[in-house]
Amino acid sequence: MLQKIVISLGCIAFAQGAFADPSVVEAWRDIRSAGVAGELLYELRQDGGRWVTTSPDWGTAMPVTVDGTNGFVEIMDEGTGGGSFRTQVVLWRMADGQPLVGIGETSYSPPYPDTTRVRFFGLEAGHGWEDWTGFVWPDLGIADFMTDDMTIADLKALKAIRAQVAVSLPQHGTSPVARLITPDTEIAAVCGGEDWFVPADPAPYLRYCSQLSGQLYREIHITWNKAEYQFEMGLPAR
């Protein structure tokens, strides 16, 4: 499998006739139909000259961002008040015309992201769309935002306060961005002695305020390594 994806993302060029050349909308539809990504809820359609989908919560038409030129789709479903859900789809064409499709799904408990799932799909000769995430995407987690001198106890504290890693796929270029997200409003309440939010165990919050906050990295840019044919984490930044 890996040899079949030894192709360059550096030049996003069209190879006439070499491969099927789907648009980002067509690629999304094909992957949904193939079922290789599990349940993808949002069907894209045009209505009155604009792209829309139907929210599974509201049951009504919802506008969608479709940038066909840059191969980018974003669906922001505000839900019914219990949380929001963002879906991003990118279509990158490699030097030989082979498409690579990234799908990022982020759930929100307003105003903070909870989790992001990022997956990548490629066309496998004779098999159609397949999940290539394990070949091209790094194993990214909270620990990647910690300094070398931080401890397992620090990691446990971050998990206890529900720190998360949120990933944004780019509308332009091929460099996703990962960010460490912490529930700052709740943290401020605990550390400030406010009574509207009282966790069962305030110790991780207090540890974050007194020790961890200034040490952590906040952002990591993910870059495409043409030599290794996969995305790699850049240096973390504050």
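The values are calculated or read from the model by the stated rules, or taken from the named source; none is laboratory data. Here the structure is a predicted model, which is why all the values come from computation and not from measurement. Accessible surface areas use protein heavy atoms only, side chains included; no ligands, DNA or RNA. Shrake-Rupley method; radii C 1.70, N 1.55, O 1.52, S 1.80 Å.
Below are the figures for this structure:
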read-out	value
Accessible-area composition of the stretch 98-224, carbon plus sulfur, in percent [1.4 Å probe]	52 percent
Entry for Cα Rg over 2.2 N^0.38 Å (calculated from the structure that is shown) out of (i) 0.97; (ii) 1.14; (iii) 1.04	(ii)
Per-residue HN-Hα couplings for the stretch 127-143 [Karplus 6.51, -1.76, 1.60; θ = phi - 60°; Hz; x = Gly/Pro]	10, x, 6, 9, 7, 9, 3, x, 8, 10, 10, x, 7, 10, x, 4, 4
Contact order relative to length of the stretch 24-87, as percent, for alpha carbon pairs under 8 angstrom and 6 or more apart	21 percent
Per residue, in Å², the accessible surface of the chain once ligands and nucleic acids are set aside, probe 1.4 Å	50 Å²
